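Visitor: Please see the structure below; I have some questions.
Just so it is clear, none of the values below were taken in a lab; they were calculated from the coordinates. Note that the coordinates shown come from a computational prediction; the quantities given were computed from them, not determined experimentally. For neighbour counting, all protein chains shown are included, and Cβ atoms are generated from backbone atoms with ideal geometry for every residue, glycine included.
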Amino acid sequence: QVRLVESGGGSVQPGSSLSLSCRASERTLNDYTVGWYRQAPGKGRELVAAVEPGDSRPEYADFLKGRFAISKDKARNILYLQMNSLQPEDSAKYSCALGRGRWFSSTGVVTDWGQGTQVTVSS
């Protein structure tokens, strides 16, 4: 079974940047759809960014307005999420996920989750 371990969360001020990492074991990230979800207290889980297998073009949630970037280090089997211009509404638990299909079209499926890393943005 795949193990996904996130790191890089923390508490920052508005306008700051953070980079999240997700290390995978037992699976090659480039063979699956991988991405990041987030969930804030009292709210539902929302898809932030995802990329399908191979050299597919990443997709992002519309609310990000170009502030985040997802990338893969294929050699090290690590997934990243670079988050810029963070705002208080970005505060949430961010989880790495792995699965198949196209998640933004709701035809894909998530089969594995990481435990998540907390991101808090406040002044």
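Visitor: Restricting attention to segment 87-114, and to residues there that are within 12 Å of the chain's Cα centre (by Cα) and not basic (Lys, Arg), which single residue is surrounded by the fewest Cβ atoms within 10 Å (Cβ to Cβ)?
Guide: Top of the filtered list is 113.
Visitor: When residues of segment 34-72 are filtered for being of a type in the set (Asp, Glu) and under 14 Å from residue 94 (Cβ atoms), how many remain?
Guide: Qualifying residue count for the region: 1.
Visitor: All but one of (1) charged (D, E, K, R); (2) touching a helix residue (DSSP H, G or I) at 6+ places or on another chain (Cβ under 7 Å); (3) within 15 Å of residue 119 (Cβ to Cβ) hold for residue 45; which doesn't?
Guide: (2)
Visitor: Let me ask another. Within the group 29, 20, which residue is over 11 Å from the mean Cα position of the chain (by Cα) and within 21 Å of residue 112 (Cα to Cα)?
Guide: Of 29, 20, the one residue that is over 11 Å from the mean Cα position of the chain (by Cα) and within 21 Å of residue 112 (Cα to Cα) is 29.
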